[in-house]
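Chemist: A single structure is presented below for examination.
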Amino acid sequence: MIDWLNSPAVVTFGVPTSWAEVLGFGTGLLNVGLLVRQHILNWPLGILNVLLLMVVFWSAGLYADAGLQVVYVLLGLYGWWAWLHGGRDRSRLVVRHTTRPEWLGLALAGLVLTGGLWLFLDRLTGSTVPLADALTTALSLLATYGQTRKLVESWWIWIAADLIYIPLYGHKGLWLTAILYVAFLTLCVLGLRSWRAALRDRRAVAPA
């Protein structure tokens with residue numbers, strides 16, 4: 001199965017593109033589209049997507065990104081549960097803003113993750129892009145955690161990550177994945193607008 005996933009499916013910009021990358025492209029777009037709409041099925045589909053991308057990234061030598069997919073599976077399972085039962089009195093979660101203590105915690109976690117992963121990748125692996133790999137890994141983890149809690153500002157973190165991911169994947173020859181992240185960037189902007197609108201709508205009806 002792994003051999004088939006790593007086998008060429010198409011040629012993109014003169015570079016062979018594996019079946020794992022093609023399938024990751026399709027499931028990734030659908031996953032983020034469902035996330036924008038706050039549809040619960042984004043979580044199981046997202047788990048399938050990250051398993052495919054794990055194969056892609058490991059083959060490309062993006063070891064932190066490959067390892068990140070394991071954490072994504074755990075976060076996906078948590079997000080699936082949290083959206084259904086993580087609200088007040090085990091109710092469904094609703095969209096909200098990030099609090100100051102949460103921002104502080106995210107910032108500290110981001111610094112620790114980026115620094116630790118950078119040292120690990122630089123000294124213990126053959127990564128050719130240790131800082132970029134570490135930074136995008138940290139940002140992606142923070143953004144995904146924010147979305148498990150339906151924090152509006154998690155979209156801004158994803159936007160920052162995507163702006164680094166796009167040239168990084170192009171540099172690695174993963175052109176289809178780079179194009180996917182251009183689409184992700186667009187969907188992130190739409191997601192930010194959609195979640196802001198949902199928050200405004202909820203506040204508008206709150207007094208009633």
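The values are calculated or read from the model by the stated rules, or taken from the named source; none is laboratory data. All values reported here derive from a predicted model rather than from experimental measurement. Heads up, the Cβs are rebuilt from the backbone with ideal geometry, glycines too, and the neighbour counts pull from every protein chain shown. Each accessible area value is taken on the protein alone, full model and side chains, heavy atoms only, with ligands, DNA and RNA left out. Shrake-Rupley method; radii C 1.70, N 1.55, O 1.52, S 1.80 Å.
Chemist: Scan segment 159-181 for residues that are exposed (fewer than 14 other Cβ atoms within 10 Å of the Cβ) and of a type in the set (V, I, T) and report the count.
Modeler: Residues flagged as exposed (fewer than 14 other Cβ atoms within 10 Å of the Cβ) and of a type in the set (V, I, T) within segment 159-181 amount to 0.
Chemist: Continuing with the same structure: So if I check each of L93, L104, L77, which one is modelled with pLDDT of 90 or more and not in a helix (DSSP H, G or I)?
Modeler: Being modelled with pLDDT of 90 or more and not in a helix (DSSP H, G or I) holds for just one of L93, L104, L77, which is L93.
Chemist: While we're looking at this one, here's another question. I need the helices (runs of 4 or more DSSP H) fully contained in segment 121-207, keeping only those with at least 2 residues that are of a type in the set (F, W, Y) and on the phi < 0 side of the Ramachandran plot.
Modeler: Answer list for segment 121-207: 154-171, 175-205.
Chemist: Within the group L142, L190, which residue is buried (at least 18 other Cβ atoms within 10 Å of the Cβ), out of contact with any Asp or Glu (no Cβ under 6 Å at 6 or more places or on another chain) and modelled with pLDDT of 90 or more?
Modeler: None of the others qualify; the one that does is L142.
Chemist: While we're looking at this one, here's another question. Among the residues of segment 43-83, which ones are over 20 Å from Y165 (Cβ atoms) and open to solvent by 50 Å² or more (accessible area, probe 1.4 Å)?
Modeler: L74, L77, Y78, W80, W81
Chemist: Take the conditions open to solvent by 30 Å² or more (accessible area, probe 1.4 Å), in contact with a Pro (Cβ under 8 Å, 6 or more places away or on another chain), at negative phi and of a type outside the set (D, E, K, R) and apply them to P16. Does it pass?
Modeler: Answer is yes for this residue.
Chemist: Among the residues of segment 104-124, is there at least one that is over 16 Å from the mean Cα position of the chain (by Cα), touching a residue at least 60 places away in the same chain (Cβ under 8 Å) and open to solvent by less than 30 Å² (accessible area, probe 1.4 Å)?
Modeler: No, segment 104-124 contains no residue that is over 16 Å from the mean Cα position of the chain (by Cα), touching a residue at least 60 places away in the same chain (Cβ under 8 Å) and open to solvent by less than 30 Å² (accessible area, probe 1.4 Å).
Chemist: Can L5 be described as in contact with a Leu (Cβ under 9 Å, 6 or more places away or on another chain), open to solvent by less than 20 Å² (accessible area, probe 1.4 Å) and closer than 29 Å to P130 by Cβ?
Modeler: Criteria met by L5.
Chemist: I'm trying to understand the selection: among the residues of segment 19-42, which are open to solvent by less than 20 Å² (accessible area, probe 1.4 Å) and more than 16 Å from L192 (Cβ to Cβ)?
Modeler: The answer is A20, E21, G24, G28.
Chemist: Could you tell me whether segment 6-20 includes any residue that is touching a residue at least 60 places away in the same chain (Cβ under 8 Å), out of contact with any Gly (no Cβ under 6 Å at 6 or more places or on another chain) and assigned to a helix (DSSP H, G or I)?
Modeler: Scanning segment 6-20, I find no residue that is touching a residue at least 60 places away in the same chain (Cβ under 8 Å), out of contact with any Gly (no Cβ under 6 Å at 6 or more places or on another chain) and assigned to a helix (DSSP H, G or I), so the answer is no.
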